Amino acid sequence: SQKIEQNSEALNIQEGKTATLTCNYTNYSPAYLQWYRQDPGRGPVFLLLIRENEKEKRKERLKVTFDTTLKQSLFHITASQPADSATYLCALKGGKLIFGQGTELSVKP
Amino acid sequence: DAGVIQSPRHEVTEMGQEVTLRCKPISGHNSLFWYRQTMMRGLELLIYFNNNVPIDDSGMPEDRFSAKMPNASFSTLKIQPSEPRDSAVYFCASSLARPNTGELFFGEGSRLTVL
């Protein structure tokens, strides 16, 4: 069956370091992959989209990679700040847009 | 520019009661989605509409759930009768169905508690 896996444990890092979040999937051939940010009590907010024929995408301090052979996407936040603390969700577009469970990131000052 | 508007933000009801959640998508968007989020199951797609027509309702848990989109600016998700296991945050999202984008704009959610 189709499955999306994100780090289930919260990620705690120090301010200024690079945060790396992982999204693995099985039994999918997604046309594209998206990353969203969700703050407590709020709806998810779109961050980045990467298509199946793209290896890497950047937006300011954010970088996403997409390896369709490994069936994995990595999401990096460089020079992390406490304001980056949130839950990050990956979402895959096959037929429908399906979300992973999310990884909670905590950036300590 | 107003985002996706959902109401109510919070709803507490008793088992067996009817619950109606409402959503106003972003003007001009032609796709609308209803998701449910719980700690155990994460964000699950319940149903989505294109141009007011339901396209895929395979995520709707059972016949107690129904969704309508009578026009481009309004949708409802109804649960009748409600059960405690329906307690969750229900999100509505809309998008403009451009090819190869599909960015979803989410509302702030309706937190439902069924006692």
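Observations on the structure shown:
- Residue within the stretch A:1-23 that is under 30 Å from B:GLN6 (Cα atoms), within 16 Å of the chain's Cα centre (by Cα), open to solvent by 60 Å² or more (accessible area, probe 1.4 Å) and acidic (Asp, Glu) present: yes
- Failed condition for A:LEU48, given (1) surrounded by fewer than 16 Cβ atoms within 10 Å (Cβ to Cβ); (2) facing another protein chain (nearest Cβ under 10 Å): (1)
- Residue check, A:LEU89 within 14 Å of chain B (Cβ to nearest Cβ) and part of a strand (DSSP E or B): yes
So that you can scan it fast, the table gives a plain yes or no per residue for (1) among the charged types (D, E, K, R); (2) within 14 Å of chain B (Cβ to nearest Cβ):
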| residue | (1), (2) |
| --- | --- |
| A:ALA19 | no, no |
| A:PRO44 | no, yes |
| A:LYS55 | yes, no |
| A:LYS59 | yes, yes |
| A:SER80 | no, no |
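- Selection count, the stretch A:26-42, where residues are within 21 Å of B:MET39 (Cβ to Cβ) and either more than 9 Å from every other protein chain (Cβ to nearest Cβ) or exposed (fewer than 12 other Cβ atoms within 10 Å of the Cβ) (or both): 5
The values are calculated or read from the model by the stated rules, or taken from the named source; none is laboratory data. Small disclaimer: the values here were computed from a predicted structure and weren't measured. FYI the Cβ positions are ideal-geometry reconstructions off the backbone, even for glycines, and counts take in every protein chain you see. Surface areas here come from the heavy atoms of the whole protein model, side chains and all, with no ligands, DNA or RNA. Shrake-Rupley method; radii C 1.70, N 1.55, O 1.52, S 1.80 Å.
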